[in-house]
Structures are given as C-alpha cells and as structure tokens.
Amino acid sequence: MPTHEVTNQVPPITGTDLTAHAALDEGLEREGAAWARDEVHELGRLANSEQWQLTGRLTNDHPPVLHTHDRHGNRVDEVEYLPQYHDLMRTAVEHGLHGAPWADPRPGAHVARAAKRSAGGAADAGHLCPISMTYAVVPALRAEPSLAARFEPLLTSRAYDPQLREPSSKPGLIAGMSMTEKQGGSDVRANTTRAVPAGADATFRLTGHKWFTSAPMSDLFLTLAQAPGGLSCFAVPRVMPDGTRNAFAITRLKDKLGNKSNASAEVEYDGALGWLVGGEGRGVSTIIEMVNMTRLDCSLMAASGMRLALAHALHHATHRRAFGARLVDQPAMTNVLADLALESEAATTVVMRIAGAVDRAAGGDRDEALFRRIALSVTKYWLCKRLAGHTGEALECLGGNGYVEESGMPRLYREAPLVSIWEGSGNVAALDTLRALGRDAAAVEAFFGELELAAGADARYDDALALLRKELADDADLQVRARRLVERMAVLLQASLLVRYATPAVADAFVASRLDGDWGFAYGTLPARAALGAILERNRLE
C-alpha cells in the first residue's frame, strides 16, 4: 500500500565474495598457494550468491530427520537431509575441501584448501563438519597402512555419493568421528565401549554407546574402545564388506543450539565390526592425528566466522545513515569496525601461517611439524574463544536489524560457541598446551623460534615476549594460570606475524591494544592515534 516510502535500508549483501580481503590473499602468496587464488574467490562468490545463501538457510531451517525403521518395520537407521544439503556437500567435495590435499602433490595444497574452506563456509557451516572430518581422518588412518591403502584413494576422491553402500563400491567416501561417551566427555580414557577380537586381520566387534557422533550417515568412522590391550582406535564402516548394514544403531539426533544442517547423533554399537588402527593401547596417540587436523579446522572456522561477521557489519555501516552521515564515517562506529577488522586480520594471518606449517609438515619438514604442535593448540584455544564476542559485537553494529533472522546474523551467532567446544573446550586446549610445554622441548623451541623472528622491530613486542618467558619460567600454579599463559602465547604469535608482514597501521594498532594495554574492555576502544581508516581500507568489501 502506498502509505510510506522505504528509505535508508541496506541493499542485499549477496553477490560478492565476503571472504575476499588483503590478509587472505597475502597469506596465500606467503604460504605458497597463490596458484589457488582464483578458485578461492570463485568459491567465495558462489557461497554468497543468492542461490547458495538460500540453500544454506533452508538446510538450517529444515534440519535432518532420523528414520529408525522403514515402512515395513525393518531397522534402517538413516538420516534424511534436504537435497540442498547434498548440493553443498557435493560442491565442497568437488572443490577439494575434504581429503583432497593429501593426494595433491602441489606445494601449498593444504593452504589452498584452508582458504577454500573459509570461502565455502559463507553459505553454511554445518556441512563443513563431515568435510573437516574426512580431511582429518587421512593422517590418522595411515597408522594402519593396509587400511590407508584401501580407503585413502576414496577419501581423497572428488566424487560425492551420499548413498549407504559398501565402501569399495563407491566413487568417494565421507568419514566421521565417534569418540565421546556420556560418562567421560573429553576424558576419553573413561570410555566403556568394549572391543573384542573377532578373528584375523585385526578385526574386532565393538559394543557400547557413543554420546556424540557427527554426520552419522558417513561411510567410515574412527572410534575409541577398550580392547584387551587398552584403549584403542578402530575404523568402523556403516556398511560391511558383504554389503549388510553394520550393527550401528542411531538412537536419536541431538537438538543443538546451532549447526542445524549437520546431524549429530547418539549411536549404539551392538557387536559392530571395527578394524584396529595403530595397535592396541595406542588409541589416543593414533586418533590425536585426526584431532590435530580438526583443531586446525576449528581455528579456520573461527577466522572465517570473524570475517563473515565483519563483512555484514561493514556492509550495513557503509549503506546505513544516521545523524546526517553514513554509520561507517561516524567516529565511534569507525573505531568499532576497525577493532573488529583488526581481530579478523590477526586471525586470518595466523591460521594461514599454521596451514602453511601443516603443508610443509606433510612434506616432511620436521621443524614445521614441531612448530605446528604448540601453535595449533594455542591458536585453537584463543581464536575459538574470541569468535563469540566478535560476532556479538558485529551483530550489534546492525542494531535491531541484526537481531532478526533475515539478517543472517543470528545464525552466525549461534554457530560461534561450537568451535570453542569442538575438539576440546577451553580448559582442554589450554591444558594440552601445558602438557606440550612440559614434554616436548623441541616443539617449545620451534614455537619460540617463530616468536623471535619478530624481535627487535617493536620494543613493546619485545617487552611482552620477555614477560611471557618470565611467566613460563615460574612453574607455580600452572594449571590455575593455564588460560592466561596460553592467551599470551596466542596473542604474541599473532603479533609476531603482523609485525613482520602486515601494514604498519595494522601492526601498530594490534601491538598497542593487545600487548601494550592501550585498549578497553570491549571492541571499539582502540587508541585515538590508531590509523582506523587504513585498517578498514584493507578489509573493504568488493
């Protein structure tokens, strides 16, 4: 009805690559994957297209449904997804976001995959859970060469087939993880699932209940169970070699805060077939290879989540006017946006560095593998902790519009806490870092060697590094101080990279605020002398 005219509303954000920004491109170049830049941005534009944004919304508005029996009363234990979910999965697999880098001989393959994963997440985060697990299962499966030879070509294949069939009959496979139990959670040594030897070829039968199994329609799962020789790792197929369903019952799907498009389930093993991976009693050391890679993806999700939230805030502030000027030009809002951009750039820079370490470690670089050990642990803790607050501040930039589902911000906000819980909550990640500091002197040396590369460029950085060394030398109450120490390590790692590689405006503002204390308790409290406009310019949308 012609009763009013709509003015001062923000145009749709679709149609551009929201993940495109200087820090990502510079990271691709620096870490040896500049060759992937065009594909990264192609995927970014696709993920933020009107069609794929609708696809992402539908898969979250209509979550997966569990069917325990078919219409004849036969037990089937199948999860039904919208067709759009399979479209997202197929696209991710075809672009190599899953296990493909492990079969790609090009230098920078893992870096390219990290950037593409960040770009593809603009449409939906949930489907990337099984994509991440498929990526992560490959190095763990290599602990059992016969299984790796059998399944790795299918886990790295760029063909997606969602049907439950015998694995060797499919053109490509998706893998999952089924570790935690209700009585233990992160304390996997408290698991009670039993594994009984069932003949030759390291075959066992597993019986027990798993509290969280993500993507239960995957073809293959790594799981932990108590074997005669102790806690061990097993590969459990959904469909057995003879084509029959494994004894793998899905009891219910979890009703989660977010990540709605991805099914997370409780499952019961009732004599389920499993193949031993890595030797009896070596379950934790075997599956930690998978955990390390999924922790990388948690960090990637945090960094890309920050970028998406910032992009929405920037878009709104650029097109919305208040009190006679664009929001982006209002000094208080400029400070908020620049602060959010600073956090986002630091996150992107550090995850690209760690993706480069993963790439070089996969090629046999021992020093990079040692650096990755601690860098990944501290980064997973810190970035995943920062994401929720960052997303909330970005949502506030949209005002009441950001609190409305149509803006897309509530879905980003609901996703944010997941990465801080997945693969070990904050305390688990912090204590894991302490264990590494106490047990692996070579990894500690590699980590501090990286920090020393920035020494001498900024006195404030040097002072912060000296303070960290002093605090680590004091072994009193380490567990009580665990989070404080890991926070300092993570922020110093970010600062070391920005001091070496970022523009002076970014490096100075980060060191002044995050290390030198010239910062408040909320975003938007950067010092007045900070070059806010220069920081925002590096993060402008296409």
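The values are calculated or read from the model by the stated rules, or taken from the named source; none is laboratory data. Model, not experiment: these values are computed from the prediction. So basically every Cβ, Gly included, is an ideal-geometry build from the backbone, and we count neighbours across all protein chains shown.
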**Complete:** Filtering region 279-316 down to residues that are surrounded by fewer than 24 Cβ atoms within 10 Å (Cβ to Cβ) and small (Gly, Ala, Ser) yields GLY279, GLY281, SER285
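Which of the helices (runs of 4 or more DSSP H) contained wholly in region 20-122 include at least 2 residues that are modelled with pLDDT under 95 and of a type in the set (D, E, K, R)? Steps first, answer last, please.
Numbers: elements: 22-30, 37-47, 50-61, 83-94, 109-120.
Hits in region 20-122: none.
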**Request:** Kindly indicate the residue of region 407-425 that is part of a helix (DSSP H, G or I), in contact with a Gly (Cβ under 7 Å, 6 or more places away or on another chain) and of a type outside the set (D, E, K, R) and also nearest to ASN60 (Cα to Cα) among those meeting that condition.
**Result:** LEU412
**Message:** Among (1) part of a helix (DSSP H, G or I); (2) surrounded by fewer than 15 Cβ atoms within 10 Å (Cβ to Cβ), there is one condition ASN8 misses while meeting the rest; what is its number?
**Reply:** (1)
**Checking LEU370 against (1) without any contact (Cβ under 8 Å) to a residue 12 or more places away in the chain; (2) over 30 Å from VAL10 (Cβ atoms); (3) not small (Gly, Ala, Ser), the condition it does not meet** = (1)
**Request:** Could you tell me whether any residue of region 175-185 is free of Cβ contacts under 8 Å to residues at least 12 places away in the same chain, surrounded by fewer than 22 Cβ atoms within 10 Å (Cβ to Cβ) and in a loop (DSSP other than H, G, I, E, B)?
**Result:** yes
**Request:** Mind telling me which of the residues ALA347, ALA361 ends up being surrounded by fewer than 24 Cβ atoms within 10 Å (Cβ to Cβ), closer than 21 Å to ALA112 by Cα and at pLDDT 95 or above?
**Result:** ALA361
**Prompt:** Can you find even one residue in region 138-154 that is hydrophobic (A, V, I, L, M, F, W, C) and closer than 27 Å to ASN48 by Cα?
**Reply:** no
**Test set (1) more than 21 Å from MET306 (Cβ to Cβ); (2) without any contact (Cβ under 8 Å) to a residue 40 or more places away in the chain; (3) part of a helix (DSSP H, G or I) - GLY15 fails condition number** = (3)
**Prompt:** Just for strands (runs of 3 or more DSSP E) wholly inside region 191-290: which have at least 3 residues that are within 25 Å of the chain's Cα centre (by Cα) and modelled with pLDDT of 95 or more?
**Reply:** 220-227, 230-237, 264-277
**Item:** Any chance ALA522 is under 26 Å from LEU395 (Cα atoms), surrounded by fewer than 18 Cβ atoms within 10 Å (Cβ to Cβ) and either polar (S, T, N, Q) or under 27 Å from the mean Cα position of the chain (by Cα) (or both)
**Value:** yes
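When you scan region 72-81, do you find a residue that is polar (S, T, N, Q) and surrounded by fewer than 17 Cβ atoms within 10 Å (Cβ to Cβ), even just one?
First, the residues of region 72-81 that are polar (S, T, N, Q): 74.
Checking which are surrounded by fewer than 17 Cβ atoms within 10 Å (Cβ to Cβ) leaves us with 74.
Checked against the condition, which is being polar (S, T, N, Q) and surrounded by fewer than 17 Cβ atoms within 10 Å (Cβ to Cβ), region 72-81 yields at least one hit.
So that you can scan it fast, the table gives a plain yes or no per residue for (1) outside any helix (DSSP H, G or I); (2) charged (D, E, K, R); (3) buried (at least 17 other Cβ atoms within 10 Å of the Cβ); (4) within 29 Å of the chain's Cα centre (by Cα):
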position	(1), (2), (3), (4)
ALA464	no, no, yes, yes
LEU467	no, no, no, no
ASP475	yes, yes, no, no
VAL480	yes, no, no, yes
LEU485	no, no, yes, yes
GLY533	no, no, no, no
